[in-house]
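Data block below; observations after.
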Amino acid sequence: IKIFIDSANVDEIKAANELGVISGVTTNPSLIAREGRDFGEVVREITAIIDGPVSAEAVSVDAAPMIAEAEELAAIHPNIVVKIPMTGEGLKAVKALASKGIKTNVTLVFSANQALLAALAGATYVSPFVGRLDDIGHDGMALIGEIVQIFDIHGLDTQIISASIRHPLHVTQSALAGAHIATVPYKVLNQMLKHPLTDLGIEKFLADWAKVPKK
Ligand code: E4P
């Protein structure tokens with residue numbers, strides 16, 4: 001499994017990148033809006049930080065303007081992946097973009113059939129939203145398992161991004177379920193690396209080390 005950071009905040013992305021474990025970035029219109037900055041400028045800065053796929057979302061509703069938007073986004077940097085919403089118009093756009101060699105990440109996926117259709121249209125990635133399903137009392141992680149199984153059985157090479165991750169257990173479960181990628185908020189990334197026994201252990205080792213006679 002690879003870890004992407006789900007953020008549009010350049011400071012967070014820089015800090016996450018310094019850990020050396022992040023191989024891509026996902027953004028969405030809400031994350032961009034939170035920054036209060038120009039979309040293109042933010043995306044350009046992110047591509048300069050991370051040497052890997054950077055998802056930037058198209059906001060048009062119809063296929064034709066979605067394709068035009070995707071072409072503009074893809075021209076920013078070769079690492080740009082265009083996020084396309086999981087709709088009929090989105091599927092048409094994905095098909096057209098695949099034939100032009102533009103990578104896509106089909107977003108707002110909430111069922112196995114949606115993921116299947118996105119893969120058949122030629123999506124590079126699909127993003128099932130685990131946390132938002134959990135929020136309404138559904139089992140988000142079960143969906144990841146189903147998609148992994150379907151793609152395996154049928155040899156579909158679309159990569160599965162476990163998205164809408166809320167806590168570290170979601171990442172462990174995504175890895176166990178066979179997701180190719182988990183895209184995690186910066187907060188969750190920091191929670192993943194922490195363990196109280198590690199902190200206590202360091203404290204104890206340093207305290208004991210201070211007692212070692214030094215010449
Ligand atoms: C992923 O690509 C999405 O941007 C993101 O994971 C959505 O997460 P949320 O449900 O916390 O908004």
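The values are calculated or read from the model by the stated rules, or taken from the named source; none is laboratory data. Everything quoted here is computed from the prediction, not taken from an experiment. Using ideal geometry, Cβ is built from the backbone for each residue, glycine included, and neighbour counts are taken over all protein chains shown. Ligands, DNA and RNA are excluded from the accessible area calculation, which covers all protein heavy atoms including side chains. Shrake-Rupley method; radii C 1.70, N 1.55, O 1.52, S 1.80 Å.
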Residue within the range 30-46 that is in a loop (DSSP other than H, G, I, E, B), modelled with pLDDT of 95 or more and within 16 Å of the ligand (Cβ to nearest atom) present: no
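Tell me whether the range 62-74 contains one or more residues that are of a type in the set (Val, Ile, Thr), within 20 Å of Asp11 (Cβ to Cβ) and either open to solvent by less than 50 Å² (accessible area, probe 1.4 Å) or away from the ligand (no atom under 15 Å from the Cβ) (or both). Working first, answer last.
Initial filter on the range 62-74 (of a type in the set (Val, Ile, Thr)): 67.
So of that shortlist, the ones also within 20 Å of Asp11 (Cβ to Cβ) come out as none.
There is no residue in the range 62-74 that is of a type in the set (Val, Ile, Thr), within 20 Å of Asp11 (Cβ to Cβ) and either open to solvent by less than 50 Å² (accessible area, probe 1.4 Å) or away from the ligand (no atom under 15 Å from the Cβ) (or both).
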Filter pass, Val59 being open to solvent by less than 20 Å² (accessible area, probe 1.4 Å) and within 16 Å of the ligand (Cβ to nearest atom): no
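Results for (1) within 16 Å of the ligand (Cβ to nearest atom); (2) open to solvent by 60 Å² or more (accessible area, probe 1.4 Å); (3) touching a Phe, Trp or Tyr at 6+ places or on another chain (Cβ under 6 Å), shown as yes or no for each residue.
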| residue | (1), (2), (3) |
| --- | --- |
| His138 | yes, yes, no |
| Ala142 | no, no, no |
| Ile147 | yes, no, no |
| Asp152 | no, yes, no |
| Asp157 | no, yes, no |
| Ile160 | yes, no, no |
| Ser164 | yes, no, yes |
| Val171 | yes, no, no |
| Leu176 | no, yes, no |
Test result for Leu91, in contact with a helix residue (DSSP H, G or I) (Cβ under 7 Å, 6 or more places away or on another chain), open to solvent by less than 20 Å² (accessible area, probe 1.4 Å) and over 24 Å from Asn190 (Cβ atoms): no
Index of the failed condition, Ala56 passing every other in (1) more than 17 Å from Tyr125 (Cβ to Cβ); (2) touching a helix residue (DSSP H, G or I) at 6+ places or on another chain (Cβ under 7 Å): (1)
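Specify the residue that is farthest from the ligand (Cβ to nearest atom); the eligible residues are those in the range 187-203 that are open to solvent by less than 60 Å² (accessible area, probe 1.4 Å) and under 22 Å from Glu18 (Cα atoms).
At the first step, the residues of the range 187-203 found to be open to solvent by less than 60 Å² (accessible area, probe 1.4 Å) are 188-190, 201.
Still in the running and under 22 Å from Glu18 (Cα atoms): 188-190.
Details: Val188: 10, Leu189: 13, Asn190: 16 Å.
Among those residues, the one meeting the criterion is Asn190.
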